[in-house]
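Starting off with a structure, shown below.
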Amino acid sequence: MQKGQNLKLAVLIPLAAILITVASIVIIGELLLFVSTAIGGTEAILVAVLIMAAITVVAVLLSRSSGQRESRHS
């Protein structure tokens, strides 16, 4: 029974990650479209750069924290 649960998780976790990624791309795209029509193209580019920088910072912090957890367990 444990093997079946692991298989379900092995399928569901990547699917959830894909859905979250697609939803994030759509939300960011809609936000940038709204910003570009509301305040102009240059500001929309600055917002896009800030969003990408925030995503990068979060990804780096998450990867470091998971690496620290793995090193503590070994």
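Computed from the coordinates by the stated procedures, all read-outs in this text should not be read as laboratory data. Predicted model only: the values in this text are computed from it and were never measured.
Only residues that are under 17 Å from the mean Cα position of the chain (by Cα) and of a type in the set (G, A, S): list them for the range 26-60, please.
G29, A48, A53, A54, A59
Would you check which residues across the range 5-25 are hydrophobic (A, V, I, L, M, F, W, C) and within 12 Å of the chain's Cα centre (by Cα) and list them?
A16, A17, I18, L19, I20, V22, A23, I25 - these are the residues of the range 5-25 that are hydrophobic (A, V, I, L, M, F, W, C) and within 12 Å of the chain's Cα centre (by Cα).
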